[in-house]
1. Quick check: from the Cα gyration tensor, does segment 136-176 come out rounded (a/c under 1.5), prolate or oblate?
2. Taking segment 107-198, which chymotrypsin sites (Phe, Trp or Tyr not before Pro) meet the DSSP loop condition and have no more than 10 other C-beta atoms within 10 Å?
3. Tell me the net charge near E71. Cut-off is 15 Å between Cβ atoms, E71 excluded, with +1 for each Lys or Arg and -1 for each Asp or Glu.
4. Mind putting a number on the dipole of segment 1-138 about its Cα centre? Charges go on the C-beta only, +1 for Lys and Arg and -1 for Asp and Glu, and I need it in Debye to the nearest 20.
5. Give me the net charge of R18's neighbourhood, meaning all other residues with Cβ under 15 Å from the Cβ of R18; Lys, Arg count +1, Asp, Glu -1.
6. Looking at the chain, which longest stretch skips every one of the GluC sites (Glu not before Pro) that is in a DSSP loop with at most 14 other Cβ atoms within 10 Å, leaving the sites themselves out?
7. Taking K and R as +1 and D and E as -1, what net charge do the other residues with C-beta under 11 Å from the C-beta of E42 add up to?
8. To the nearest whole percent, what portion of all C-alpha pairs in the chain is separated by more than 26 angstrom?
Amino acid sequence: MAGFEQRKSGWWQAKIRRKGHPVQSKTFQTKSEAEAWARDIESKMDRGVFVDRAEAEATTLSAALTRYQREVTSKKKSWQREGARIKIWQEHRLASRSIASLRASDFATYRDERLADGLAPASIRLELSIISHLFSVATKEWGLPVQNPIKAIRMPRVANARSRRLEGDEETRLLESLSKCRNTWMKPAFILAIETAM
């Protein structure tokens, strides 16, 4: 059953207590808004489709990134590089928002701003992939009811194709260096690549 109480500020607090569910409360400007919210939550509880989003709404992106760095990044070989990218995210204005409030449009705007700043598309993809993985971990392992907003946006296209040919005495110098290489397969692989125009 929902209860309503007017605060000293004039705002109305709705509180729902139901057996088998955690207590839900939210504050609204008017009593009618509080009643409408309570009816919606109670209806979802009755139908068995209610999902408690309190923890996701209370967890900022910055706090989630800190936990992700401690539990996931620290176990990776590239933990230092990923840690630097996490620091960039934590300094961004999106870091203060709750992960429940973040939308695909927020990250599309971020992508476009970073492209406009001249950052390489590959670097932007790496930054966005951290957030994508964070949302996957938050859903699967932390039990937070959030959707991955990165899956709904286009990643920047990476055009790393190069056409370069060996010039001058580069082939000779490469062969000399490969003769000293500990991996005995490197020189034959290089010769094969040259002979087959790979």
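1. Oblate, because a/c is 1.5 or more while a/b does not exceed b/c.
2. The qualifying sites are W185.
3. So the environment of E71 carries a net charge of +3.
4. 400 debye
5. Local charge sum for R18: +3.
6. Free of exposed loop sites, the longest segment is 1-140.
7. +2
8. 58 percent
Every number here is computed from the coordinates shown, using simple stated rules; none is lab data. Worth saying up front: this structure is predicted, and the values here are computed from it rather than measured. Counting neighbours? That spans all protein chains shown, and the Cβs are built from the backbone with ideal geometry, glycine included.
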